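The values are calculated or read from the model by the stated rules, or taken from the named source; none is laboratory data. What you see is a predicted model; the values in this text were computed from it and never measured. As a convention, Cβ positions derive from the backbone with ideal geometry for all residues, glycine included, and neighbour counts pool all protein chains shown.
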Amino acid sequence: MKKKYGYPHALSVQNTKNATERAYQVQKLLAEAGLNKGVTIAFQSLDPTTLEYIKRDNISSESFRELQKRFTRDGIETYSDMILGLPGETYESFANGVSSTTEHGQHNRIQFGNLAILPNAEMGDPEYQKKHGMVTVESRAVIYHGVIAETNREIHETQEL
């Protein structure tokens with residue numbers, strides 16, 4: 001696809017989770033127009049227990065796999081999001097999820113992110129954390145796609161991981 005104006009244009013779009021056909025058609029149109037930055041296939045985890053704990057067990061893994069196959073067939077790049085530190089996830093289940101992701105065709109990029117606890121979200125509730133054995137730490141925030149830079153600021157943004 002030829003880029004206009006000598007520089008690439010792209011959109012980053014988050015798809016609906018269970019509307020496979022609609023997500024495919026929208027992303028295909030963007031790719032055909034030269035606007036594809038990479039289609040997100042956001043598993044977060046492939047562990048059934050973890051998916052239940054984070055209330056994503058209603059999202060079909062088969063839908064994700066079908067999208068992956070179709071985009072690969074059409075030459076449309078994808079990437080997968082996986083989150084480190086989700087409740088119920090073990091080293092083994094996480095490693096198996098990464099392995100399964102590549103086995104099912106993700107050969108472009110897997111993007112790993114730390115689980116950040118938002119105070120007003122269910123995971124921010126101390127009872128939820130206790131129930132799932134979660135241990136958190138406060139960490140200096142690194143803005144996604146940002147740079148870690150030393151500044152002279154006295155106040156630094158933090159996040160609970």
Within the stretch 82-95, how many residues turn out to be surrounded by 14 or more Cβ atoms within 10 Å (Cβ to Cβ) and not small (Gly, Ala, Ser)? 6
For the list (1) under 20 Å from Pro48 (Cα atoms); (2) free of Cβ contacts under 8 Å to residues at least 12 places away in the same chain, I need the number of the one condition that Arg73 fails. (1)
Checking Ser80, Ser93, Ser61 in turn, the sole residue that is within 23 Å of Lys131 (Cα to Cα) and outside the structural domain of Lys130 (by TED's automatic domain parsing) turns out to be Ser93
Checked Gly113, Gly85, Gly97, Gly133 against criteria (touching a Ser or Thr at 6+ places or on another chain (Cβ under 7 Å) and touching a residue at least 24 places away in the same chain (Cβ under 8 Å)); the one match is Gly97
Just for the stretch 106-121: of the residues that are surrounded by 12 or more Cβ atoms within 10 Å (Cβ to Cβ) and in contact with a Phe, Trp or Tyr (Cβ under 8 Å, 6 or more places away or on another chain), which one is nearest to Ala31 (Cα to Cα)? Asn108
Please note which helices (runs of 4 or more DSSP H) are completely contained in the stretch 52-147 and include at least 1 residues that are modelled with pLDDT of 95 or more. 91-103, 126-131
Residue satisfying condition, being exposed (fewer than 13 other Cβ atoms within 10 Å of the Cβ) and more than 30 Å from Glu157 (Cα to Cα), within set Glu103, Glu52: Glu103
Scan of the stretch 16-45 for residues that are at pLDDT below 85, under 19 Å from Ser60 (Cα atoms) and assigned to a loop (DSSP other than H, G, I, E, B), ordered by number: Thr16, Lys17, Asn18, Ala19
Here are the criteria: (1) touching a helix residue (DSSP H, G or I) at 6+ places or on another chain (Cβ under 8 Å); (2) within 22 Å of Glu157 (Cβ to Cβ). Tell me which single one Val142 does not satisfy. (1)
Of the residues in the stretch 62-100, those that are closer than 22 Å to Glu122 by Cβ and under 15 Å from the mean Cα position of the chain (by Cα) number 8
